[in-house]
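FYI, it's all coordinate maths here, none of it is from the lab. All figures in this text were calculated on a predicted structure; none of them were measured in a lab. Here the Cβ is made from the backbone with ideal geometry for all residues, glycine too, and neighbour counts use every protein chain on show.
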Amino acid sequence: MRWLRNLGAKILLFLAVVLARLTFRLSRLLAKGKGSSLPGMVALRICPGVLKVLAGQVRRGIVMVTGTNGKTTTNNMIARIAAGAGYKVAANLEGANLITGVTAALIKNATLSGRLNCDYACLEVDEASFPVVCAQVRPDIVVVTNFFRDQLDRYGELDNTIKYIRDALEKLPSGKLVLNADDPLVAQLQTAGAGKQVVFYGFGERPAHRGEGKGKGDEEQGVREARFCPFCGSPLAYAYYQYGQLGNYRCPRCAFARPEAGVEAVRIRTAGSSSCLILSPEGPVPLTLPVSGLYNLYNALAAFAAGLLIRVRAKEIGNALQNYTPATGRMERYHYLGKAILLNLVKNPAGFNESLRVFREAEGNLDVLIAINDNAADGRDISWLWDVDFEVLQHCHRQINCFVCSGTRAEEMGVRLKYAGVPLDKIIVEPDLEAAVDRILGAPGHQAYLLATYTALWPVERKLTRCCQKEHAYAAHMSSVS
């Protein structure tokens, strides 16, 4: 009877892979999406154990990236580092980070018989899905980027999200952790690393130009998620902030403080492009990224630390990062009749605030599109928009011709801008995404910034691809945080 059960399992695996592959092709053919999640959904319905079977075949190791912001960029950077070193890599590069997307990513690299041919699997995983995925995929390396409030209807309060991650890490029998030393919410997870190697990354200094810019030149308070020590509850004391709660902190009552980083950035510059000197166990490595923003340097540091753990030489890692290509909606640049257009994903207050910084630093007349959807992948609760510091627009709206609000929650976005002090004659509500993009393309500014939540991003990107010329060079000013 055992041979019969094994035969049945092989047949289910075969059917799961074949039908998932067929679903992927149909999805692309019918232009119903990128085919990055639905194939995994089909495969899991047919063979619930397909992910565990495929993950067990990865030859050298599985790298898993989780956290609020920076997952897609960090994961794609790690995949590029591994591929550049000559390894065969399977990865969910398009950001489908639920268990269905993770499953689909591995199926794309499997034969019809369910044989997976890869050295490393680089998997971005949604915070709430992390425990579920970990139960079937035992990662060798876990990278945690940062924690901010995001989709409260899905995750609940931030403490819940951190608990999901901590509990899952504690259940892992072994592995290596790559943690952001500058985020106290992430750094506290070192206590979940019993029996595991922990590597910290972070900034060794505060960038000298931080807080400079037009209008509101002093530092904003931003989104400070961690005001109290996670161990004794005392208020944390900061020497300085980078952004949000990230910075150089210590607890005046207990021993908790920013840990020493094994991979650390100094000589940091983020104007135009981003550059720094990375200090690592292999010595200093200069790094210049073709994109700007503190987020991107943090993502690069996380990827650098992970690259060292998979035994790639530091200089090779630096070369791979300097040639990194952003994923869809992460600082993509287009041109339309001489007009420069930048597309970026926004999904929570911390990330949105960094994108708004662009409006204070940009030169000339601008047009702005903000597309907010409330589908399941975006989060049904959009109350987070009231935590975004749109009030900074009071200081720079004169150089912005119009704010086109679109998506399923276009009206609410318009109301938020009104209460932020944006003049009503500059607010245009156009729920239809294609019509909204047409308005932006026809607006008089010589630059346009398009900010969109996840499910709004794809139709906006398709419209731009049809109408505009895509530039393969990178946007020089927009900070991608996803």
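Taking a ≥ b ≥ c as the square roots of the eigenvalues of the Cα gyration tensor, an a/c ratio of 1.5 or more together with a/b no larger than b/c marks segment 74-130 as oblate.
Candidates Y324, S36, Q242 compared by Cα position along the dipole of the chain: farthest toward the positive end lies S36, with charges placed on Cβ. Taking label positions 7 Å along the Cα-Cβ direction at both L30 and F228, the computed distance is 5.1 nm, reported to one decimal.
The distance from the alpha carbon centre of segment 448-466 to that of segment 398-436 is 16 Å, rounded to a whole number.
Ranked from largest, the principal axis spans of the Cα set of segment 51-322 equal 59, 38, 35 Å. Among the listed pairs K315/K347; K88/K196; K52/K196; K10/K88; K88/K315, those with a Cα-Cα distance over 30 Å are K315/K347. Of the residues M64, L54, F14, the one whose Cα sits farthest towards the positive end of the charge dipole of the chain is F14 (charges of +1 on Lys and Arg Cβ, -1 on Asp and Glu Cβ, taken about the Cα centre). Determine the percent antiparallel among the DSSP beta bridges restricted to segment 289-447, to the nearest 5. Roughly 35 percent of the beta bridges in segment 289-447 run antiparallel, per DSSP. Full extension of the chain segment joining R269 with A135 gains 44.2 nm, where the gain is 0.36 nm per residue of separation less the Cα-Cα distance. Ordering of 193-204, 70-81 by packing is 70-81, 193-204, highest average first (other Cβ atoms within 10 Å, averaged per residue). Rounded to the nearest 20, the Cβ-based charge dipole of the chain about its Cα centre (Lys and Arg +1, Asp and Glu -1) stands at 1920 debye.
Judged by the mean number of other Cβ atoms found within 10 Å, the most tightly packed of the peptides 279-288, 125-134 leads the ranking 125-134, 279-288. In this calculation the C-beta distance from W386 to I11 is compared with R0 = 51 Å, giving a FRET efficiency of 0.45. Taking packing as the residue-averaged number of other Cβ atoms within 10 angstrom, the listed peptides 417-430, 38-51, 339-352 run from highest to lowest as 339-352, 38-51, 417-430. The gain in end-to-end length when the Q469 to A376 segment is fully stretched comes to 30.4 nm, 0.36 nm per residue minus the alpha carbon separation.
The residue among V178, Y120, G442 whose Cα reaches farthest toward the positive pole of the charge dipole of the chain, with charges on the beta-carbon of Lys, Arg, Asp and Glu, is Y120.
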